[in-house]
Amino acid sequence: MSGPLPGSPADTVGGAATPRAQCVLAPNPSPMTLDGTNTWLLSEPGSDLAAVVDPGPLDEGHLRRIVETAERQGKRIALTLLTHGHSDHAEGAARFAELTGTPVRALDPALRLGSEGLRGGQRLDVGGLDLRVVATPGHTSDSLTFHLPADGAILTGDTVLGRGTTMVAHPDGRLGDYLDSLRRLHAMAAEHGVRTVLPGHGPVLADALGAVDYYLAHRAARLAQVETAVEAGCRTAAEVVARVYADVDPVLWPAAELSVRAQLTYLADRGLIPEV
């Protein structure tokens, strides 16, 4: 879904974002991926080591461009991390591991290569770079956020996008988990100095708290709309989408239907609507 978010600067994507984070934009733009996948190159200033978050699709030119970007800065990529397993973020990980000789770390065991997994609460050190792992399930069950405390930044994958809102990928993704994850990010922004969102797609957001507030308000409004649609007689997810998402480009309706299914399950589990 498109549209400006709080804290969105000029609508540009790619390049240096913080003292420790640089975006290498993948050439896979689409209605779902926006400008393309943001691959993040992370390194402590003065260090010769770097980590990469989400190498992106299996595109040889893009993968080599990530390596070349690091080499131009005198850095060697030492670790590859995944926010989640969707192909636009993770499909190129195995080939990228071949190119760089790095392990791949992820929550999902099926995505790990030559290394242990990741879990919420872990702290990683890459050449002095302090990176903290935050469990943020909901978009998918394996979604992670990476906290870069020295920059007051979070790398959110698809949990928070740089433009518009994301989907909850039912049935693997669950709306209750997603709302809990947004509240976790809200607390980090309100209480722990997180200011900047480095998303998996779209531009950097300079107002993390405002962006998460927007997401929470959007979800509450959509839930109310879905509940009203069911009360009005909609009996399938497709019928709800046609009513609630009438102002959204129909090319996005399949993704919207996944989110609607997640919302229907959430409402039914809480006894707010009958099972649809």
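The values are calculated or read from the model by the stated rules, or taken from the named source; none is laboratory data. These figures come from a predicted structure and were not determined experimentally. Don't worry about glycine lacking a Cβ; one is built from the backbone with ideal geometry, like all the others, and counts go over all protein chains shown.
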### Residues located in segment 7-54, provided they are over 11 Å from residue 199 (Cβ atoms), in contact with a Leu (Cβ under 7 Å, 6 or more places away or on another chain), among the small types (Gly, Ala, Ser) and modelled with pLDDT of 95 or more
21, 36, 43, 47, 50, 51
### Query
Could you say which residue among 88, 48 is among the acidic types (Asp, Glu) and either within 25 Å of residue 136 (Cα to Cα) or out of contact with any strand residue (DSSP E or B) (no Cβ under 7 Å at 6 or more places or on another chain) (or both)?
88
## Note on the structure
If you go through 248, 240, the only one that is within 21 Å of residue 179 (Cα to Cα) and of a type in the set (A, V, I, L, M, F, W, C) is 240
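Results for (1) polar (S, T, N, Q); (2) touching a residue at least 24 places away in the same chain (Cβ under 8 Å); (3) over 18 Å from residue 185 (Cβ atoms); (4) out of contact with any strand residue (DSSP E or B) (no Cβ under 7 Å at 6 or more places or on another chain), shown as yes or no for each residue.
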{"position": "64", "(1), (2), (3), (4)": "no, yes, yes, yes"}
{"position": "84", "(1), (2), (3), (4)": "no, yes, no, no"}
{"position": "109", "(1), (2), (3), (4)": "no, no, yes, yes"}
{"position": "160", "(1), (2), (3), (4)": "no, yes, no, no"}
{"position": "164", "(1), (2), (3), (4)": "no, yes, no, yes"}
### Query
Could you list, in sequence order, the residues of segment 244-276 that are surrounded by fewer than 17 Cβ atoms within 10 Å (Cβ to Cβ) and either assigned to a helix (DSSP H, G or I) or touching a His at 6+ places or on another chain (Cβ under 8 Å) (or both)?
250, 251, 253, 254, 268, 269
### Message
Against the conditions (1) under 17 Å from the mean Cα position of the chain (by Cα); (2) of a type outside the set (Phe, Trp, Tyr); (3) buried (at least 19 other Cβ atoms within 10 Å of the Cβ); (4) not in a strand (DSSP E or B), where does residue 70 fall short? Just the number, please.
### Response
(1)
### Task
Would you mind stating whether residue 269 is under 30 Å from residue 25 (Cα atoms) and touching a residue at least 60 places away in the same chain (Cβ under 8 Å)?
no
### Summary
Screening 226, 194 for residues that are out of contact with any Asp or Glu (no Cβ under 8 Å at 6 or more places or on another chain), β-branched (Val, Ile, Thr), closer than 21 Å to residue 53 by Cα and at pLDDT 95 or above leaves only 194
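Just wondering, is there one or more residues in segment 190-211 that are farther than 25 Å from residue 133 by Cα and surrounded by fewer than 17 Cβ atoms within 10 Å (Cβ to Cβ)? Working first, answer last.
Initially, segment 190-211 is screened for residues farther than 25 Å from residue 133 by Cα, giving none.
Scanning segment 190-211, I find no residue that is farther than 25 Å from residue 133 by Cα and surrounded by fewer than 17 Cβ atoms within 10 Å (Cβ to Cβ), so the answer is no.
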